[in-house]
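See structure below.
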Amino acid sequence: MTAAATPAASPASTGEQPGVRLARSRRNAELSLLLLAMVLVAAYAATVEANVLDTVTPDFWIPAAALGLVFLGLHLVIRWLAPFADPALLPAVALLNGIGVGFLRRYDLAQSPPEQRETLAIFAGTGGRQLAWTLGAVVLAAGLLAIMRDHRSLSRYAYTLGLAGIVLVMIPAVLPGRFSEINGAKLWIRLGGFSIQPGEFAKLALLAFFAYYLVRKREVLSLASRRVLGVDFPRGRDLGPVLVVWLISLLVLVFEKDLGTSLLYFGMFVVTLYIATERVSWLLIGLILFFGGAYLAYVLGSTVGGPFANFYDRAQIWLDPFAEPYDRGYQLVQGLLTLGTGGLFGAGPGGGQPTLLPEVQTDFIFAGIGEEIGLFGLSALLVVYLLIVERGLRAALAVRDSFGKLLAGGLAFTLGLQVFVIVGGISKLIPLTGQTTPFLSAGGSSLMANWLLIAVLLRVSDGARRPVTGGGGPAARPSGGPPEQLHGAPTEVIRP
């Protein structure tokens, strides 16, 4: 006789809800990926020391361990406050942030005299400051998760956030150049030894306002007046919002002298508008307006100069950087040569010459890293960025309210657009900008703003993945947000 088969333990027999098991599984996957990311960061640090110092010091692992503790703390916060959040977001961002800290320490070693490199303190220099900024940024992200228990609560403060975003954008434009200008772009607030880039935070505030506004106006903006070549174009009187944002982006281009910031603000509004209305015509109108405005600024810069002169000079450098390789085109030429030197596989971490590249710790960090990890390594980093953007878009598709869809979709696109703007600039695809590479470049403003962006995506993905039912009845919705509207809920046709 054979023994009777023992039935598998069911969720009811174990006393564990299916949703709880799902959340624990995702968080365990997140922890495993996070540990793998920190192992890669530690291996990168060891390779840098082996190439720069010809030895590996006993303390090479300390920055990776410090980062690991910081990210582990955020993982615990997510496990507690957002248990259903996407498990791939935190490890992917942690890997980029860790590689950035590792390269900045490598830059510090290159700048130090050879006899002082082995004794360079772990928390000294640009790399040490970036490590401290990472701690502050992660704490800020954890605080946002604790305060914002439901992403829909942002809609209550949409107009306040919109006004705050406009103020943050315009402050550097009205300040004297000595308080706001670096490398020709007026993007900063500089007081003594302290500096902040308010535009990094403005993009988050403006995007929350755009999402709220377009949820309320999307039915009007979706109306079509005429059809041209298979594309439905909106009514003329509905072009007002796009024209207003276009004018604001032109003002940014003129007064802050930065194409990247102008493109970022206008691009995220147009794409959010497209997500809301699903009208390709808005993308076409946006492209026509932006390139028309950029061409107008170029023509005016070549004739009347004034506030358009900086954009004209940048465009001239972009068109032919080798015309003045030791003067105006020096930075771009050095960046292109650095990327070419890296080849397919690179010189190896620590094997490049980052001190020969101007602003390698900020604007050109992608080129500096590319010299050492090559085309394949840079492709891997771009894939990580692509993964973050894809996960953000997936959260936008899965979340059940319209505001969350526009917010997450806009945030994911904004991050991807920022990467495109900086990578396009150093590879001569578009003119150089003052944008920083998210999570890699040195600087507290960019790091904090982008970690806040990730915190919002985590909150939206938690709401999207949270089970609709559990425990025999409807799952309790997160508190703090407005009631969910029926038009934002999925529907299904039941046929007899």
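Bear in mind these aren't lab numbers, they're just calculated from the coordinates by the rules spelled out. Source: prediction; values computed, not measured. Here Cβ is always computed from backbone atoms with ideal geometry, including for glycine, and neighbour counts include all displayed protein chains.
Details
- 10 Å binning of all Cα-Cα separations within the stretch 99-226, expressed as whole percents from 0 upward: 11, 23, 29, 22, 10, 4, 1, 0
- Basic side chains Lys and Arg get +1 at the Cβ, acidic Asp and Glu get -1 at the Cβ, and with that the dipole of the stretch 78-133 about its Cα centre reaches some 80 debye.
- In this simple spin-label model, placing a label point 7 Å from the Cα along the Cα-to-Cβ direction at both residue 386 and residue 326 gives a separation of 4.1 nm.
- Amide H within-cut-off set for residue 186, under 5 Å, with H built and near neighbours excluded: 257
- Rg(Cα)/(2.2 N^0.38 Å) for the stretch 165-219, N = residue count: 1.42
- 3J(HN,Hα) along the stretch 373-382: 10, x, 5, 5, x, 5, 4, 5, 5, 5 Hz, from the Karplus curve 6.51 cos²θ - 1.76 cosθ + 1.60 with θ = phi - 60°, whole Hz, x for Gly and Pro.
- Positive-end ranking of 355, 321, 97 along the dipole of the chain, with charges on Cβ about the Cα centre, is headed by 97.
- Computed extension gain for residue 239 through residue 217, at 0.36 nm per residue and net of the alpha carbon distance, reaches 6.7 nm.
- Simple label model, 7 Å out from Cα along Cβ direction - residue 255 to residue 287, nm: 3.1 nm
- Residues of the chain were split at every exposed loop site, defined as GluC sites (Glu not before Pro) in a DSSP loop with at most 11 other C-beta atoms within 10 angstrom, and the longest piece left, sites excluded, is 1-277.
- Cβ crowding within 10 Å, taken as a proxy for footprinting-reagent exposure, orders 108, 313 from fewest neighbours to most as 313, 108.
- Sorted into 10 angstrom bins from 0, the C-alpha pair distances of the chain split as 4, 18, 27, 25, 16, 7, 2, 1, 0, 0 percent.
- With the simple spin-label model, which puts each label point 7 Å out from Cα in the Cβ direction, the residue 55 to residue 119 separation comes to 1.3 nm.
- Backbone amide hydrogens, once placed in the peptide plane, bring residue 222 within less than 5 Å of nothing, excluding anything fewer than 5 places away on its chain.
- Lys, Arg +1 and Asp, Glu -1 on Cβ, resulting dipole of the stretch 110-203 about Cα centre, debye, nearest 20: 340 debye
- Contact order normalised by residue count of the chain, Cα under 8 Å, 6+ apart, percent: 21 percent
- Placing +1 on the Cβ of every Lys and Arg and -1 on the Cβ of every Asp and Glu, with nothing else charged, gives the chain a dipole about its Cα centre of roughly 1940 debye.
- Chymotrypsin sites (Phe, Trp or Tyr not before Pro) lying in DSSP loop within the stretch 274-380, provided at most 14 other Cβ fall within 10 Å: 326, 345
- A compact globular protein would have a Cα radius of gyration near 2.2 N^0.38 Å; the ratio found for the stretch 237-384 is 1.28.
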